[in-house]
1. So how far apart, in nm, are the two label points at Ala88 and Arg69 if each is 7 Å from Cα heading toward Cβ?
2. Show me 194-200, 137-143, 52-58 ranked by packing, highest mean number of other Cβ atoms within 10 Å first.
3. Can you pull the one-decimal nm distance between simple spin-label points at Tyr25 and Glu200, each 7 Å off the Cα toward Cβ?
4. Taking other Cβ within 10 Å of each residue's Cβ, how do Met102, Met172 sort, fewest first?
5. Given the peptides 121-134, 178-191, arrange them by the average over their residues of other C-beta atoms within 10 Å, most packed first.
6. Along the positive direction of the dipole of the chain (beta-carbon charges: Lys, Arg +1; Asp, Glu -1; about the Cα centre), which of Thr13, Leu120, Leu3 reaches farthest?
7. How many nm separate the modelled label positions at Ala131 and Arg81, each set 7 Å beyond the Cα in the direction of the Cβ?
8. Contour minus end-to-end for Ala43 and Asn99, with contour as 0.36 nm per residue of separation and end-to-end as the Cα-Cα distance?
Amino acid sequence: MELAIRNDTGGATLEVSEAVFGVDYKPGLIHQVVTAYLAGARAGTKAQKTRSEVSGGGAKPWRQKGTGRARSGTSRSPLWRSGGVTFAARPRDYSQKVNRKMYRGAVRSILSELVRGERLLVVPEIKLPAAKTREMVALLKQHDLKDVLVLTAEFDADIFLAARNLPGVDVMTAGEVDPVSMIAFEHVLATEAAIRKLEERLA
């Protein structure tokens, strides 16, 4: 299949693999992979102390009978101030297993849907005169884009610096792009080299 290339002359196309950019949309697979990706980003380090872990409380506060008060065996009961937590939180691992075939299948499905929705825009290359925000604003205005993920083949410091202060704009390389980033933006602006790298990565 062919992707249209946005350039000054117009009419240019880029031949790409149907197996990467022309597969069926699989919402269930995409949901599972995106959920697993977000779950893997959770720290899961929350922790609290139970009554057995709080320091102190070894001595019985008062005798069992005769005081008129309710019986008590420790001052570290969850009912007491400075006591332990009843259902204390424990560190946990939120990660979910997603094999490589599923991950690549979800990314292919996302890319194919971006192509069908005309949300994936391809340009020959992205070269900025300087690492200035105004240069990136001018480039995006040229393509009438606001909420956009910019994909490059390799890390480009000028592009990164020019885009980092713009809301709704992010810059990633084809090697590090993830499913969440691809569905988080209205459009994806990619260079030809980035498309080739994605194709090689997902083949």
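1. 2.4 nm
2. Order by mean packing, descending: 194-200, 137-143, 52-58.
3. 3.1 nm
4. Ascending number of Cβ neighbours within 10 Å: Met102, Met172.
5. 178-191, 121-134
6. Sorting the options by dipole projection puts first Leu120.
7. About 5.6 nm separates the two model spin labels.
8. This chain segment gains 18.0 nm when fully extended.
Quick note: the coordinates plus some simple rules give every number you see, no bench work behind them. Small disclaimer: the values here were computed from a predicted structure and weren't measured. No Cβ is skipped: glycine too gets one built from the backbone with ideal geometry, and neighbour counts run over all protein chains shown.
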